[in-house]
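Every read-out reported here was derived from the displayed coordinates using simple, explicitly stated rules and does not represent laboratory data. Keep in mind it's a predicted model, so treat the numbers as computed, not measured. Neighbour counts run over all protein chains shown; Cβ positions are idealised from the backbone, glycine included.
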Amino acid sequence: MRRIVEELIRVEGVIGSLLVGKDGLVVASTLLDDEDAEILGAMSAAVFGDIDKATKRIGVGGLVDAIIDAKDGSILLLEAKELILVVITQRSVNLGLIKMEMRRAARRIGEAIPT
């Protein structure tokens with residue numbers, strides 16, 4: 001799992017990535033500060049869960065992915081089996097390319113997790 005997450009930081013403009021459980025526990029991270037990883041993991045799981053509940057309630061189905069834009073970059077969230085793949089980017093990036101790489105990583109994660 002760690003190798004899959006590490007490959008994402010090779011994409012231009014990606015500054016960090018992590019894989020978290022829907023309970024917020026970090027499975028793998030490229031962030032240097034463990035405390036930052038734990039905080040981002042908990043926040044990502046909470047945000048993903050809340051948006052997922054809202055999208056189901058309004059009738060558009062479960063959440064697949066989300067982009068949180070901030071002043072200096074973005075945080076992308078993507079469901080990967082029962083986990084959430086999180087990528088932190090700089091402001092000027094090709095979000096389409098990053099989403100494509102995240103989907104590829106999610107497929108690999110899905111293959112690595114037994115059903």
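Using C-alpha pairs below 8 Å separated by at least 6 residues, the relative contact order for segment 2-112 is 28 percent. A value for Cα extents along the principal axes in Å was derived from the coordinates, and within the list (i) 46, 37, 25; (ii) 36, 36, 28; (iii) 54, 29, 21 it appears as (ii).
For trypsin sites (Lys or Arg not before Pro), the sites in segment 1-43 that DSSP calls loop and that have at most 10 other Cβ atoms within 10 Å are Arg10.
Springs between Cα atoms under 10 Å define the GNM used for the chain, and in it the highest mean-square fluctuation of Ile84, Ile39, Ile58 occurs at Ile58.
According to the square roots a ≥ b ≥ c of the eigenvalues of the Cα gyration tensor, what is the shape class of segment 58-109, taking rounded for a/c under 1.5, prolate for a/b larger than b/c otherwise, and oblate for the remainder? Since a/c reaches 1.5 but b/c is at least a/b, the shape of segment 58-109 is classed as oblate. Look at Thr55, Thr89 and count the other Cβ atoms within 10 Å of each Cβ; fewest to most, that gives Thr55, Thr89.
Could you check which residue among Lys81, Lys71, Lys53 shows the biggest mean-square fluctuation in a GNM of the chain with a 10 Å Cα cutoff? Of the options given, Lys71 has the highest mean-square fluctuation. Take the Cβ atoms of Ser92 and Thr55, set R0 to 22 Å, and the FRET efficiency comes out at 0.15. Stretched out straight at 0.36 nm per residue, the stretch from Glu111 to Ala46 would grow longer than its current Cα-Cα span by 20.9 nm.
Evaluating 6.51 cos²θ - 1.76 cosθ + 1.60 at θ = phi - 60° for every residue in segment 30-35, the Karplus couplings come out as 9, 6, 6, 9, 4, 5 Hz, glycine and proline recorded as x.
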